[in-house]
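Structure first, commentary second.
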């Protein structure tokens with residue numbers, strides 16, 4: 001399976017057209033004398049995601065995620081920095097690993113992340129349902145990662161199948177999924193008062209929002225908001241399973 005990562009930008013695939021303007025990278029570009037860009041994985045309205053190889057560790061490949069076009073919007077910049085800082089702070093095996101955060105010579109900020117191989121839970125559900133045992137393993141790992149974040153006073157606020165990445169591993173011939181939670185860019189830190197936590201700012205994905213989140217009562221958002229989204233995801237898997245079984 002081709003390596004990919006589910007970034008917080010719309011994917012365009014390895015054959016996407018490289019962007020122009022501030023924050024532009026190209027295959028062969030070396031970032032921070034360490035990461036040599038190899039190919040474009042995806043790009044969206046404000047960012048691009050590249051695969052790169054580590055020059056001093058030849059077998060190590062990473063993802064470089066960069067903001068484009070001289071983005072100066074404080075909310076976007078805060079979200080980008082927050083994604084890097086929170087994932088690095090948590091350091092949990094079921095949360096995508098952040099390896100570096102810096103700016104390019106033209107001032108565009110970038111994050112270096114581990115390169116994940118696999119697919120999102122959304123893609124898995126589209127292809128077909130995981131087995132009961134696979135579902136239990138996925139749910140258990142997501143729950144462990146959320147518990148770690150909540151202990152640190154961090155609420156993800158946008159938990160959904162697109163932000164849950166499944167990495168198949170093969171320990172002893174038994175293929176299992178290692179879960180990685182992605183995109184802490186709009187997370188809330190307990191006690192923080194920023195543009196990302198102000199009242200009436202509707203943040204998240206509607207079908208997985210708790211009532212307080214859907215109505216913009218952001219001061220009431222806490223760990224239970226993630227638990228609500230988590231429950232909605234489990235319900236979605238169960239509903240699809242019930243529908244599939246009833247059709248046979």
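Every number in this text was worked out from the coordinates using simple rules, so none of it is lab data. These numbers come from a predicted model, not from an experiment. Here the Cβ positions follow ideal geometry from the backbone for every residue, glycine too, while neighbour counts run over all protein chains shown.
With a ≥ b ≥ c taken as the square roots of the eigenvalues of the C-alpha gyration tensor of region 99-157, please select rounded if a/c is under 1.5 and otherwise prolate if a/b is larger than b/c or oblate if it is not?
Details: a/c = 3.30, a/b = 1.63, b/c = 2.03.
It comes out oblate by the Cα gyration axes.
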When 115, 57 are ordered from fewest to most other Cβ atoms inside 10 Å of their Cβ, what list results? 57, 115
State, to one decimal in nm, how far the label point of residue 234 lies from the label point of residue 205, with both points 7 Å from Cα in the Cβ direction. 1.8 nm
Once the piece of chain linking residue 133 and residue 81 is laid out straight, how much longer is it, given 0.36 nm per residue of separation minus the C-alpha distance between them? 15.1 nm
With a ≥ b ≥ c the root eigenvalues of the C-alpha gyration tensor of region 30-114, is it rounded (a/c under 1.5), prolate (a/b larger than b/c) or oblate? oblate
